[in-house]
1. Rank 31, 92, 54 by mean-square fluctuation in a GNM of the chain with C-alpha springs under 10 angstrom and give only the top-ranked residue.
2. Just subtract the alpha-carbon distance of residue 191 and residue 87 from 0.36 nm times their residue separation and send over the number in nm, one decimal.
3. Using a Gaussian network model on the chain with a 10 Å cutoff between Cα atoms, which of 49, 120, 204 fluctuates the most?
4. Over 26 Å between Cα atoms, which of 91/161; 65/191; 38/99; 24/183; 91/183; 23/79 qualify?
5. Given labels modelled 7 Å from the Cα in the Cβ direction, how far is it in nm from residue 79 to residue 94?
6. Assign one of three labels to the stretch 110-175, namely rounded, prolate or oblate, based on the Cα gyration tensor with a ≥ b ≥ c the square roots of its eigenvalues; rounded applies when a/c is under 1.5, prolate when it is not and a/b is larger than b/c, and oblate otherwise.
7. Under a straight-distance cross-link criterion of Cα-Cα below 12 Å, which aspartates and glutamates are reachable from residue 125, leaving out those fewer than 8 residues away in the same chain?
8. At what distance in angstrom do the alpha carbon centres of the stretch 103-148 and the stretch 152-185 lie from each other?
Amino acid sequence: MGTVVDAPAVVAEEVTENMLGGKKVTAVFVLGGPGSGKGTQCANIVEHFGFTHLSAGDLLRAEIKSGSENGTMIENMIKEGKIVPSEVTIKLLQEAMIKNENDKFLIDGFPRNEENRAAFENVTKISPAFVLFFDCSEKEMEKRLLGRNQGRVDDNIETIKKRFKTFVESSLPVIEHYNSRDKVKKIDAAKPIPEVFEDVKTIFAPYAPKHLLALPFPSFPLLSPLG
Ligand SMILES: Nc1ncnc2c1ncn2[C@@H]1O[C@H](COP(=O)(O)OP(=O)(O)O)[C@@H](O)[C@H]1O
Ligand SMILES: Nc1ccn([C@@H]2O[C@H](COP(=O)(O)OP(=O)(O)O)[C@@H](O)[C@H]2O)c(=O)n1
Ligand SMILES: [Mg+2]
């Protein structure tokens, strides 16, 4: 009996939550220390699972390049390994999600602190389907960042140390927040790229494009040795 009475409330929640610009979106937060491999694996997920990749760091770097009035502030924060105020980052993420026709997004490098997290929930009303957490030692991440060679102003040893400190002090508590709500899927990110992606694939299997899940009946003769 109870379920019948409760049903309308559940339906009402489903239609109001995670709605953005008229569409219902699936958002996965991709978190992990600097150099843990978030961007690398997001590219693989885009290719295999049809998500759109939105890197908060990339959006902030594009904002600097565009000559925005916030550019100097953002650049200084990035050089210091500090976290840009959420109103700036959320506006960029929200615009990107509305502009894009897709309804499945990987939000890479966000939320990076409690302020990011709470403001995103309040402003967008989107809660993540889950949080993908790339777990890697600082030693390995430092090696990767120093070898990244993308000409980034923050991939130098002095800024790297500051970014690690910010990660431990501000970002790990966000991961803990979601972990206590059973939303975190942790990956051993110290392994080679293809091995990490094997683990990622297992997690994303429920999001596999439908046409890859089952071949239509007429395809079977093509697979047969007699065909
Ligand atoms: N599993 C891995 N093993 C070794 N190197 C990796 C691995 N994943 C990524 N890298 C390399 O490490 C650097 C940082 O990776 P990136 O994806 O940019 O990390 P993040 O976005 O988390 O900072 C890049 O040069 C990338 O090619
Ligand atoms: N949510 C975010 C994400 C990035 N950033 C800034 O952008 C920098 C680079 O972020 P990134 O995600 O590109 O860095 P990686 O973790 O990929 O190395 C961070 O160190 C922050 O200074 C931010 O302020 N807020
Ligand atoms: Mg990155």
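1. Of 31, 92, 54, the most mobile in the Gaussian network model is 92.
2. Full extension from residue 191 to residue 87 adds 33.9 nm.
3. Sorting by GNM fluctuation, first place goes to 204.
4. 91/161; 65/191; 23/79
5. 3.0 nm
6. prolate
7. Within the straight-line cut-off, residue 125 pairs with 13, 14, 17.
8. 8 Å
Rule-based calculations on the coordinates, nothing more; no lab input. These figures come from a predicted structure and were not determined experimentally. Quick reminder, even Gly has a Cβ in these numbers, built from the backbone with ideal geometry, and neighbours come from all protein chains shown.
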